[in-house]
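Before any comments, here is the structure.
The values are calculated or read from the model by the stated rules, or taken from the named source; none is laboratory data. In this text, all values refer to a predicted model and were calculated from it rather than measured experimentally. Cβ sites come from the backbone with ideal geometry, for glycine too, and all protein chains shown count toward neighbours. Protein only, heavy atoms only, side chains kept; ligands, DNA and RNA dropped before computing areas. Shrake-Rupley method; radii C 1.70, N 1.55, O 1.52, S 1.80 Å.
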Amino acid sequence: MRLINVETEKLVSFSLDDAPPYAILSHTWSQNDADELTVRDILEGTAKNKTFGYTKLGGFELGEAINSMFKWYQHAAVCYVYLSDVKSEDQLPASRWFTRGWTLQELIAPSNVKFYASNWHFLEAITGIPEEFLHGDGHFLQASVAQRMSWASGRSTKREKEMAYCLLGIFDVSVPILYGDSHAFAKVQEAIMAKNRDDSIFAWGLEPTSQASHTLPATSNSAGAFAMEPADFGKCGNRLARFSKYAIQQVLYRECLRLHQSLPHTLEDGSTFGLLSCEPEDDSDKVVGIPLIPDPSGSFFYRPQDASARLFSKSAAARNTSIRPIYLQLLHDQPPTIGSIDRRNWFRIRTAGTGLKILEAFPPERLENGMVKTSKDNDGTTERTWLRLVQQKNRDSALDFVLVLDFQILPDSTPSAHCHVMVSDSKTSLQSIATSRFASLQTSFGQCQASNEKLHISSSVTTVNSETRSGQPTFVVSLTCTETPFSNTLNATRGMHVIELLPRLITVMKQELRLSHEKKDFAEREAT
């Protein structure tokens with residue numbers, strides 16, 4: 001950062017940690033850009049001829065400045081707010097400063113803010129933001145996403161896309177600065193969602209009054225998952241607080257959001273609303289519901305245009321809800337196509353150096369071009385895929401290796417994968433193993449290594465986020481050879497035979513026990 005030395009009127013560069021106490025200015029841009037102060041004005045000694053005081057930047061320096069601006073204001077000893085359009089306190093409510101996007105962070109970040117009229121007369125300002133969030137100590141981060149968005153709902157910026165970038169410090173996030181990016185506000189919301197488990201980010205379009213319509217349009221394009229602008233949160237005001245006990249688990253895909261533990265609430269007229277974990281501060285019995293239209297599968301939803309979010313009674317909603325994962329279409333102003341989106345996870349099997357190759361899979365349809373795919377939708381239960389791997393040479397003289405790939409979506413919506421390793425006879429089919437009683441026993445799994453007569457194999461599973469298919473990271477199963485055999489190798493064929501023989505063994509043991517009792521009784525009778 002660069003500060004002006006008030007004694008020498010020269011610019012001095014500092015890191016934020018090493019900067020001395022400094023004052024910072026807040027104002028609205030002049031209608032004439034030529035009135036604004038630039039670095040060149042300071043270097044050339046013409047700064048005193050300018051009225052206002054912001055340096056114009058470009059390129060990388062501009063992006064760095066925008067992402068750092070909130071911290072610069074936050075660490076200032078004092079922030080002087082210059083209201084060029086105000087001459088007295090009765091003109092304060094109409095000041096342009098209270099309608100501009102950038103000045104919101106300049107109001108919230110500093111711990112000491114002083115307002116001055118155009119003649120530099122000190123003023124007492126009313127901000128419209130709860131006093132508890134104006135102490136400059138970061139407490140405002142406790143406000144819900146919807147609350148903070150509502151503070152910006154009546155503001156604007158000189159450039160449309162700056163309305164997204166001026167919110168970065170308010171939510172303590174950063175994004176690449178790309179002027180002309182039509183998805184800037186959506187990207188800021190994605191960054192907010194990645195950092196905050198706060199359902200109120202979906203509460204935009206709220207109509208909190210009883211006049212909100214329950215009936216949803218029969219057909220409509222998708223309104224998207226995210227708001228189009230901060231103004232969409234205008235009626236959230238200070239009403240919405242979050243309660244984290246039932247916070248939705250959010251996973252972002254390319255085309256949709258997976259919302260885990262959301263609460264689809266169906267009304268008597270068939271309309272569906274997704275209940276969020278946020279409530280009015282003054283009425284904890286209410287909960288916010290966003291309008292949803294499902295596809296025939298009931299798992300994929302889109303938010304229709306021209307339909308408001310509304311408040312529901314928690315007690316009434318609880319009687320007609322179901323807690324389960326749903327998918328919400330991400331794109332705005334698009335036909336409802338979410339049901340056709342493929343959200344599978346994939347496994348890549350690396351066998352280099354082992355001499356092994358995949359011979360078959362069960363279920364067979366999960367093997368595709370050497371990779372293993374999961375089903376489209378996982379309901380939280382463990383999904384199991386079986387693979388047979390054989391040695392490309394001398395197969396007849398060794399047992400085959402069997403990999404068991406487990407996949408599951410955890411309660412926090414994180415995909416989880418494990419690999420179990422065992423061996424089997426080549427004549428034992430994968431289907432017979434997978435459908436046997438052996439496969440239903442927990443003790444049949446948990447080994448990540450196995451040996452046959454020739455190879456000793458160890459496995460590991462890693463998640464590769466840089467390698468994606470269907471917007472999902474790939475699970476890589478790596479097989480490596482070791483020199484030491486594993487004495488606890490699990491043999492699936494032998495295990496199946498033992499389980500098959502177990503009922504017969506139990507019968508024989510019962511017969512032997514019965515004969516033993518009869519022999520004992522006979523001996524006692526002979527003795528008497």
Quote the charge dipole size of the range 157-210 about the Cα centre in Debye, to the nearest 20; the model charges only the Cβ of Lys and Arg (+1) and of Asp and Glu (-1). 180 debye
Quick one: Cα convex hull volume of the range 407-528, Å³ per residue? 196 Å³
For Glu526, solvent-accessible area (1.4 Å; no DNA, RNA or ligand), Å²: 120 Å²
Looking at the range 97-182 from every direction and averaging, what is the projected area of its Cα convex hull in nm²? 6.3 nm²
DSSP-defined antiparallel bridges as percent of all bridges, the range 422-528, nearest 5: 95 percent
